[in-house]
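Read the figures in this text as sums done on the coordinates, not as results from a lab. Since this is a predicted model, take the numbers as computed values, not measurements. We place every Cβ from the backbone using ideal geometry, glycine too, and count neighbours over all the protein chains shown.
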Ligand code: SF4
């Protein structure tokens, strides 16, 4: 309900979805597909006594296979897809000089807050669904037919660092007709419990890979899990699309780190773009009051509800406010990014293929049907009273 949606810290008790996931894995006539968010792979290890910041992506893929999921995919794939759609939307708004600043839309606790408190600004968030929701849509409407199934033959399970994602997947705007994009969300902590329930010795698991085509991703996708990451990933693509030139230094250091509000300016073909990344809703309020009063200088603003972003999300192993732990998780994401051969979302071959096969162009009618969403004024709902 509303309480979970507005509580990014997970302090309120969460719905236990583990039994539902076990049922879905074994449900006859259904194919159970799993996706896992970027921030989970750098925090799950803590539940099995690995030091904070240990990268366990390969062991996670092994564990998911042992648990019985039919296809092991990655939310990172649709994080890359989000960047393609969002960069395209940003460039269109810049050209038309309207609906700026564009606000990022991948954090459901932030979007819920905006719908409750700034109903006059609902033309500003990107209309892109979050990566978890884009994944569900692509799994059901693109992948399912490719293996001879219908969207209703598929159950999509998400493993998220986040409690608000449980609420997000039930939003009626996030599906086609009666079929929601994502069926069940579990947190990183619940995932750890499932591994323990199954008697799997996580520490000795071999390193395996995700399945394809929804398993391939670039480094730009990994950094979604840290505050500033979505902004950095979007700029890597937007810059190259606008200038038609190689971006030499792809590390936007100014928007990294743990300050509540970070800002920078970037010259793109003579146009100065002012960017801002903020985490926690108190900082969001400051920025949105300025936007409402016409005092904001920014062209693009990223907001994450959890201080430091999803690495410190309410569904992650408890960090007890230990910033060294959170920092270790974020540094691990930047390390994954640095070590990937591809670091710009528009270079992902599986993304290029999905546009060739299915969506056509970024921002096409088909892309809008499956990858974009709408927002609604919630200022009269009980949570505001
Ligand atoms: Fe969830 Fe990330 Fe938003 Fe926190 S910052 S509420 S973990 S999406």
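For the chain, a Gaussian network of Cα nodes joined below 10 Å ranks 149, 371, 333 by mean-square fluctuation, and the top entry is 149.
Our helix-only sum for the chain, with -39,500 (n - 2.57) per DSSP H run of n ≥ 4 divided by its residues, gives a mean residue ellipticity at 222 nm of -10500 deg cm²/dmol. Have a look at 77, 26, 118 and tell me which one the Gaussian network model of the chain (Cα, springs below 10 Å) gives the largest fluctuation. Highest fluctuation among the options: 26. GNM remark for the chain: springs join alpha carbons under 10 Å apart, and the peak mean-square fluctuation among 140, 344, 262 falls on 262. Distance from the alpha carbon centroid of region 300-372 to that of region 180-227 works out to 14 angstrom.
Note on the chain: the alpha carbon radius of gyration divided by the globular reference 2.2 N^0.38 Å gives 0.92. Of the peptides 321-328, 40-47, 290-297, 219-226, the ranking by mean beta-carbon count within 10 Å, highest at the top, reads 219-226, 40-47, 321-328, 290-297. Placing a pseudo-label 7 Å from each Cα along the Cα-to-Cβ vector at residue 96 and residue 201 gives an inter-label distance of 5.9 nm. The order of 160, 194, 288, going from fewest to most other C-beta atoms within 10 Å of their C-beta, is 194, 288, 160. How far apart, in nanometres, would the label points at residue 245 and residue 16 be if each is projected 7 angstrom from Cα along the Cα-to-Cβ direction? Going from the residue 245 label point to the residue 16 one covers 5.8 nm. Exposure proxy for 379, 279: other Cβ atoms within 10 Å of each Cβ, ordered fewest to most, give 379, 279.
A straight chain from residue 318 to residue 170 at 0.36 nm per residue would run longer than the Cα-Cα distance by 50.7 nm.
Measuring nothing but how far apart in sequence close Cα pairs (under 8 Å, 6+ apart) lie, relative to its length, the chain scores a relative contact order of 27 percent.
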